[in-house]
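These notes are about the structure you will find just below.
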């Protein structure tokens, strides 16, 4: 059966590293990263003469949802040609939206594919340290307005995604240390490749 894997978490929890390492070990996988679309988003800010701020109302209204629609459509297209597609993206609202997730599962069912959500669990303080370390312009506003930014970010595990009848629909990848990373990588690969 085909599979769509969403690797999700708040920013700077290690999604990209986790996603790329998983993709290296999985067989027949297409790796998609929503951050690849940032170059297009920056151009939209530029032509609209807007300050580049991925936390702005302009981004929310004109860019955010279109990035998600595009990356998901690309994943469905890729599933026509390969067995597994992994998307690296926060899906911060989507994974907590029952209607969105239900519609995604139904859409996958029509092509005989299933959904696996991998939540990268990282402590808030470690995420902040990683954000400082990566020193990316996409994080500038977040770091400059940390209290305001973090008040709107949900680090809680989206337990509602877990169907107790399935062992591969919702997986938690603990990522606070190398030891946690290695343990989680082995456990998740064992489940996905079973």
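Before moving on, here are some points about what is shown:
- Tilt relative to the chain, helix 15-25 - C-alpha long axis, 0 to 90 degrees, to 10: 30
- Cα centroid separation - region 75-90 against region 94-158, whole Å: 18
- Of 124, 18, 29, 85, the sequence from fewest to most neighbouring Cβ atoms within 10 angstrom is 124, 29, 18, 85.
- Between 0 and 90 degrees, the angle of helix 64-79 with respect to the longest Cα principal axis of the chain falls at about 30 degrees.
- The candidate values were [x] 63, 38, 31; [y] 45, 41, 30; [z] 48, 36, 29; the one computed from these coordinates for Cα extents along the principal axes in Å carries the label [z].
- Averaging the sequence gap over all C-alpha pairs within less than 8 Å and six or more residues apart, then dividing by the number of residues, gives the chain a relative contact order of 33 percent.
- Distant alpha-carbon pairs in region 81-134 (separation over 17 angstrom), percent: 53
- The residues 174, 15, 128, when put in order of fewest to most other Cβ atoms within 10 Å, stand as 174, 128, 15.
- Sorting the Cα pairs of region 1-93 by distance into bins of 10 Å, from 0 upward, gives 16, 44, 29, 10, 1 percent per bin.
- Packing-based exposure ordering (other Cβ within 10 Å, fewest first) of 170, 155: 155, 170
Just so you know, all these numbers are worked out from the coordinates, no wet-lab data involved. This structure is a prediction, so every number in the text was calculated from the model and none was measured. Because the Cβ atoms are built from the backbone with ideal geometry, glycine has one as well, and the counts that use them run over all protein chains shown.
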